[in-house]
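To keep things clear, I will list the structure first and then write my remarks on it.
Quick note: the coordinates plus some simple rules give every number you see, no bench work behind them. Computed from a predicted model, the values in this text were never measured in an experiment. Please note: Cβ atoms are built from the backbone with ideal geometry, for glycine as well, and neighbour counts cover all protein chains shown.
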Amino acid sequence: MTNLGKKALMKQRSPKRLAWAGALAASLIMLPGMFGGAPAFAQKAERDTLNYGELITKAKQGEVKRVELDETEQIARVYLQGQKPDAQPLQVRLLAQNTELINILKEKNVDFGEVSSANSRAAVGLLINLMWILPLVALMLLFLRRSTNASSQAMNFGKSRARFQMEAKTGVKFEDVAGVEEAKEELEEVVTFLKQPERFTAVGARIPKGVLLIGPPGTGKTLLAKAIAGEAGVPFFSISGSEFVEMFVGVGASRVRDLFKKAKDNAPCLIFIDEIDAVGRQRGAGIGGGNDEREQTLNQLLTEMDGFEGNTGIIIIAATNRPDVLDAALLRPGRFDRQVIVDAPDLKGRLDILKVHARNKKIDPSVSLEAIARRTPGFTGADLANLLNEAAILTARRRKEAVTLLEIDDAVDRVVAGMEGTALVDSKSKRLIAYHEVGHALVGTLLKDHDPVQKVTLIPRGQALGLTWFTPNEEQGLISRSQLKARITATLGGRAAEEIVFGKPEVTTGAGNDLQQVTGMARQMVTRFGMSELGPLSLENQSGEVFLGRDWMNKSEYSEEIAAKIDSQVREIVNTSYIKAKELLQEHRVVLERLVDLLIEQETIEGEIFRKIVIENTQVVDEKLAVPR
C-alpha cells in the first residue's frame, strides 16, 4: 500500500476513532452523576425504614434506644429496644425542623446525637472522578505512543533488517550436515580462511569475496550456511534477498549500504543472503525495463561486493535454486569467486543423511537404513528428514514403541504420492483401474531396459485412483535411448490394457497424465537429444519466461518443413511404443488376468511377488528376470 493509500485510510479511520473516544469520554463524565448521588445507593429496603410519625409514636412509647441524626443527609438512624446487636439501624427521613422529635427524645431520656457523612461523600466523589480521569489519561498516552512509533519507523525505513549475531549460535556444525561432502570441503576452507588467514596469505592467496550455493530446493544450502556460521566463530549477518526490495525507490540500496557498513565495522565477518535471486535477477528483465527499485538495489550490491573501495575481511555466502536468472555481473570472479553445487545426494549421501536424522528417533533394529536409501533415489535431505518424521508420526498414531519397516513403507508412499484414500468397492471401475495399473507394471517388467516394479496398488493416494511404482537399481545420471523408449512403452501399458480388455469404445480418461508424459519424452528425444531420424540435432532449447530476462518473442529455430518432420517423428515413436505394449499384453494375457484378480483381492502387490508370478507364467528367457519363463 502506498503512502497516499495509507493516509487516505487513516483519514477514513480518524473520524471513527474520534467519535469512539468522544462517546467513551461522555460516558465516563456521566459516571459521577450516576454514582455521585448517595441516596441512589443508600436507600435500604422498605423493611429497614420508618416514617416520621412512627418514629414519634415509638419514642413516646419508650421503644427507642438510641438515635443518630445526620443533618447532611437529613436522615435519622434509629436503634430500637430489643433489637439484635448486629442489626442495622432503621432509617427515617427527617423534616426541616425536628423540634418535637428532639423534645420527646429528651423527655424519654433517649440517647441521641448528630453525625455527619460529608467526609465519606467527599471521598466517594473523589474516587468517582478518578475513575473517568485515569482512563482518559491512559488513552492519550496510547495515541502519543503510536505516533512516536510511527515516526521512529519512518526514520529507520532505510536501515538494514539483517539479523546480527556477534558469535553465531546456530546449533549446527559440519558434523550435522551429511550427503554433500564435496560442498563441505569447499566451505571448510572458508572457515579456515577466517580462523587462520596466515596459512593462505603466506603463499599469496587472497580470501574469497563470495560463495554462491546452488542446488535444488531441500538439498541443504541454508543448513550449510548455518554450519559455516557455527564453525567460524566470527560475527554473522543473515538476511533474505526479499528483505532488500521495497516498493519505494532507493530503500533497497540504502539497506545494502547500511548492511555493508555494519559488516565493515565488525570485519572479519560473514554475510548470508538467502534466496539471492529475489534481488539479483538479470537487469533489464521484463517489458519496459523491469523494476527500477530492484535494479538499483542490485547495482548497489555489485558496488559493495567489488567496487572502487572494495571490502576486506567480509565473506558473502548466498543461496539460490535459480542460478540461470542471476545477473552475469553478480557471478563473475571477484564477486562470487566460488560457486558450490549442492545437488541431490547419491546412495551413500542418503544413507549418511538417514543416520543423522535417525539419531533422535526410536528405530526398530530390523529396519535397514541402507534399504531405505536404495528405495529413495532422487530424494533430497529435506525429503529424507520428512520421510523419517512421517514414519515417527505413524508410529505414535499406531501406539508402537519403535519405527518399523511398515511405517517406513507407508511414509515413503505418503511423501511420494500423497495421503492415503479410501479403497474402492468391488465394481467395474475398480476392475478397470486394476487392468490399467497391471498393464503399466507388466509391460515394464517384460521390457529388459525398464526399471523394476516396486509396488502396484489400488489404494488411492492424492488424486490418483491407483499407482504403480518403479525403482531403479542404481543411480542414473544418464539415460539411454532404449531406456527412454522402454519408459514410454510402459507408460502406455495402462491405455493398452484398457483397449485390449474392454475395447476402444470403453477406454477412459485415466491415461490423460500418461499421454502428457509420453508426448513430452518423445518430443525431447527428437528435438533435444537427437534420438530420431532427423539426426543429432538440438532443435529446441528450454523455454524461458519474459520476466526472467528472456526474449519477448520465442523465435523458431527451424523451418515449417522441419516442424512437420518433428511432429511425424514424435507420432511415430509414440505409435510404435503403443503397438509394442499391446503386443506384450496380448502375448501374456493369461498372466495379466491372474495379476488383475490378485490385485483386486489384495489391493496391493509388492514388486518381488509381482515378478515371481510373471516368472512362473512365462517361458521366454529374459536377462532382467534371469530365469526361464
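Treat region 293-401 as a sphere of radius equal to its Kirkwood radius over Cα pairs and apply Stokes-Einstein at 10 °C in a medium of 1.306 mPa s; give the translational diffusion coefficient in µm²/s, rounded to a whole number. Rounded, D is 90 µm²/s.
Scalar couplings 3J(HN,Hα) for region 591-598, obtained by applying the Karplus form with A = 6.51, B = -1.76, C = 1.60 to θ = phi - 60°, are 5, 4, 5, 5, 5, 5, 4, 5 Hz; x denotes Gly and Pro. Here's the picture: charge each Lys and Arg Cβ at +1 and each Asp and Glu Cβ at -1 in region 206-273, and of 252, 207, 234 the one pushed furthest to the positive end of that dipole is 207. Here 222, 519 are placed in order of increasing Cβ neighbour count within 10 Å, fewest first, which gives 519, 222.
Looking at region 308-407, the GluC sites (Glu not before Pro) that sit in a DSSP loop and have at most 10 other Cβ atoms within 10 Å of their own Cβ are 309, 401. Going by a ≥ b ≥ c, the root eigenvalues of the Cα gyration tensor, does region 428-616 fall in the rounded group (a/c under 1.5), the prolate group (a/b larger than b/c) or the oblate group? Taking the square roots of the gyration eigenvalues as a ≥ b ≥ c, region 428-616 is prolate. Per-residue Karplus couplings for region 346-354, computed as 6.51 cos²θ - 1.76 cosθ + 1.60 with θ equal to phi - 60°, are listed in order as 7, 4, 5, x, 5, 5, 5, 5, 5 Hz, Gly and Pro entered as x. Amide hydrogen proximity for residue 403: with H placed 1.01 Å from N in the peptide plane, the residues at 5 or more positions away or on another chain lying under 5 Å are 362, 363, 364. Among 450, 440, the order by Cβ neighbours within 10 angstrom, fewest to most, reads 450, 440. Phi-derived couplings, Karplus 6.51 cos²θ - 1.76 cosθ + 1.60 at θ = phi - 60°, listed residue by residue for region 576-590: 4, 5, 5, 5, 4, 5, 5, 4, 5, 6, 5, 5, 10, 5, 5 Hz, with x used for Gly and Pro. The mean sequence distance of close C-alpha pairs (under 8 Å, at least 6 residues apart), as a share of the length of region 447-489, puts its relative contact order at 40 percent. Counting other Cβ atoms within 10 Å as a rough exposure proxy, the listed residues 251, 177 run 251, 177 from fewest neighbours to most.
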